[in-house]
Amino acid sequence: MRIAMIGGGYVGLVSAACFAAFGAEVAVVEADPPKLAALRAGRMPIYEPGLDELIAKGTADGLLSFGDDIAAAVQGAEAVFIAVGTPTRRGDGHADLTYVYAAVQQIAQVLGDYAVIVTKSTVPVGTGRRIAAIVRELRPELAFDVASNPEFLREGSAIGDFMRPDRVVIGCESERARDVLARLYAPIEALPAPVVFTGIETAELIKYAANSFLAMKVTFINEMADLCERLGADVREVAHSIGLDARIGPRFLQPGPGFGGSCFPKDTLALVRIAQEAAAPSRLIEAVVAVNDARKAGMAGRIVTALGGSVRGRKIAILGLTYKADTDDMRDSPAIPIVARLAEDGAKLQVYDPEGMEQARPLLPDNLAWCQNAREACAGVDAVVVVTEWQEFRDLSPADLRSAMAGTLVIDLRNIYDPQAMRDAGLLYRGIGQG
Ligand code: UDX
């Protein structure tokens, strides 16, 4: 089976590589010349564990190709996936669909035989139907269908999420489209994961609903963490115990400095706008957005307080800059407001991230010491702040920290360390939600 993937970004690349691993012939279209050249040379524009190997294999097997010509890519394709970016539009929180509609116009002009045009990018509810109208207007004679196939992959474990999903959601309205997509996803059907067929609007909404629910779960446990700190309770035990209730489940109950990344901030905001415009406002998700924004903005204040009310002239190590571990993505990372405020207040910051330094540089102030590794970042500091839960930081022993630091304060915004072991080593340990 031949398919085209428009957009060689995060979702496009992972999906293309995995579909090729399923045995499909995938032509990826990437419009950005440097990115295309890198992909053709086997260099990944993003850091995602296992992606380079999978792409190399797909290319070597003759199943995966990269180009900039949409006409050539859609030739003979039974499905054309749109996986271009949908950033938050400036000013109003809506998803910006400029790239989606530009891709649709191009696809409509070059499609020959029947194909299913599938959105994999997260798009507002109603986009699928608008895409169908655009194509119909440009090519009234063309046989085609439109489908929505939202992607639920997490950065850092994207390939596993794609290959072994909890479910695949496909919104489409014709038997023909259903048949094409069912054949494409046939290898998944061998797994217990259900392929759920829905209407197009439903599939589009499922993506926002899933991300908003998970963002709500994280925000809930973050609020419980604050409460635990006031009440002398321990959020780790609260999370563990409520998570044992099968109705709640243990995942996405890890408190932290607030959620970031490419999806949660953008998708919660978009759902708020979609719901407002549909005259069915989601006050719950509005609160999630507001609570999370306030949390990220307030994190630096905790660090200042823990250091006695002023950080002027104090040396602080910042361990981790990306919004979570196993990615180089800095989008909406809690590290951005934390570092900005501490630097502004006169702290001397020694920062380090295993993968995110290059992406972080343009987003952070100039007067930082950029370190080569965690130990160098911790050398001679008054306090260590763990912002991202990288394994490399988990591997630091209390003795490692104690011997590298000048002071003793460890502020662990991800609860990666054992508090007792820290205290035993003579460190002053502050986790999240450990009253
Ligand atoms: C998310 C969704 O999980 C995925 O299905 C969707 O396709 C894209 O958005 P991702 O952004 O890669 O994936 O990361 P995820 O692991 O979901 O974490 C999102 C944010 O929540 C991160 O900032 C993370 O640090 C935070 N988080 C997550 C917590 O603070 N606690 C948790 O328990 C889980």
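The values are calculated or read from the model by the stated rules, or taken from the named source; none is laboratory data. As the structure is a computational prediction, the values presented were derived from the model and not from experiment. Here Cβ is always computed from backbone atoms with ideal geometry, including for glycine, and neighbour counts include all displayed protein chains.
Looking only at the range 209-229, filter to residues that are farther than 22 Å from Val387 by Cα and more than 7 Å from the ligand (Cβ to nearest atom); which one of those is nearest to the chain's Cα centre (by Cα)? In this case the residue turns out to be Ser212. Gln109 meets all of the listed conditions (1) outside any helix (DSSP H, G or I); (2) over 23 Å from the mean Cα position of the chain (by Cα) but one, namely (1). Return the residues of the range 161-203 that are touching a strand residue (DSSP E or B) at 6+ places or on another chain (Cβ under 8 Å) and without any contact (Cβ under 8 Å) to a residue 12 or more places away in the chain; say none if nothing qualifies. Of everything in the range 161-203, just one residue is touching a strand residue (DSSP E or B) at 6+ places or on another chain (Cβ under 8 Å) and without any contact (Cβ under 8 Å) to a residue 12 or more places away in the chain, namely Glu189.
Mind counting the residues in the range 237-255 that are assigned to a helix (DSSP H, G or I) and either touching a Gly at 6+ places or on another chain (Cβ under 7 Å) or within 11 Å of the ligand (Cβ to nearest atom) (or both)? Quick ask: steps written out before the conclusion?
Residues of the range 237-255 assigned to a helix (DSSP H, G or I): 237-243.
Then drop every residue that is not either touching a Gly at 6+ places or on another chain (Cβ under 7 Å) or within 11 Å of the ligand (Cβ to nearest atom) (or both), which leaves 239, 243.
Of the residues in the range 237-255, 2 are assigned to a helix (DSSP H, G or I) and either touching a Gly at 6+ places or on another chain (Cβ under 7 Å) or within 11 Å of the ligand (Cβ to nearest atom) (or both).
Among the residues of the range 308-348, which ones are away from the ligand (no atom under 16 Å from the Cβ), of a type outside the set (Lys, Arg) and in a loop (DSSP other than H, G, I, E, B)? Gly308, Gly309, Ser310, Val311, Gly313, Asp345, Gly346, Ala347, listed by residue number.
The helices (runs of 4 or more DSSP H) found wholly in the range 159-231 and carrying at least 2 residues that are crowded, with 18+ Cβ neighbours inside 10 Å and of a type in the set (S, T, N, Q) occupy 200-231. Only one of the listed residues (Val385, Val351) is in a strand (DSSP E or B), more than 16 Å from the ligand (Cβ to nearest atom) and surrounded by 21 or more Cβ atoms within 10 Å (Cβ to Cβ). That residue is Val351. In the set (1) surrounded by 18 or more Cβ atoms within 10 Å (Cβ to Cβ); (2) at positive phi; (3) at pLDDT 95 or above, the condition left unmet by Ala279 is number (1). Could you tell me whether Trp370 is surrounded by fewer than 22 Cβ atoms within 10 Å (Cβ to Cβ), of a type in the set (Phe, Trp, Tyr) and either at positive phi or not assigned by TED's automatic domain parsing to the domain that holds Pro255 (or both)? When the stated conditions are applied, Trp370 passes them. Taking the listed residues Ile188, Ile221, the one that is at pLDDT 95 or above and aliphatic (A, V, I, L, M) is Ile221, with no other qualifying.
Within the range 63-99, the residues that satisfy the criterion of being modelled with pLDDT of 95 or more, hydrophobic (A, V, I, L, M, F, W, C) and not in a loop (DSSP other than H, G, I, E, B) are Leu64, Phe66, Ile70, Ala71, Ala72, Ala73, Val74, Ala79, Val80, Phe81, Ile82.
In this structure, does Gly91 turn out to be without any contact (Cβ under 8 Å) to a residue 12 or more places away in the chain, outside the structural domain of Thr327 (by TED's automatic domain parsing), surrounded by fewer than 18 Cβ atoms within 10 Å (Cβ to Cβ) and within 23 Å of the chain's Cα centre (by Cα)? Here the answer is yes, as Gly91 does meet what is asked. The residues of the range 390-415 that are within 16 Å of the ligand (Cβ to nearest atom), crowded, with 20+ Cβ neighbours inside 10 Å and not in a strand (DSSP E or B), listed by number, are Trp390, Phe393, Leu413, Arg414, Asn415. Put simply, of Ala280, Ala290 the only residue that is among the aliphatic types (A, V, I, L, M), more than 8 Å from the ligand (Cβ to nearest atom) and in a loop (DSSP other than H, G, I, E, B) is Ala280.
Looking across the range 111-130, the residues that are in contact (Cβ under 8 Å) with a residue 40 or more places away in the chain and buried (at least 17 other Cβ atoms within 10 Å of the Cβ) come down to Ala115, Val116, Val118, Thr119, Lys120, Ser121, Thr122, Val123, Pro124, Val125, Thr127, Gly128. You will find that of Gly62, Gly42, Gly7, the residue that is of a type in the set (Gly, Ala, Ser) and either crowded, with 18+ Cβ neighbours inside 10 Å or not assigned by TED's automatic domain parsing to the domain that holds Glu175 (or both) is Gly7 and no other. Checking each residue in the range 137-158 for being near the ligand (Cβ under 7 Å from one of its atoms) and of a type in the set (D, E, K, R) picks out Glu151, Arg154, Glu155.
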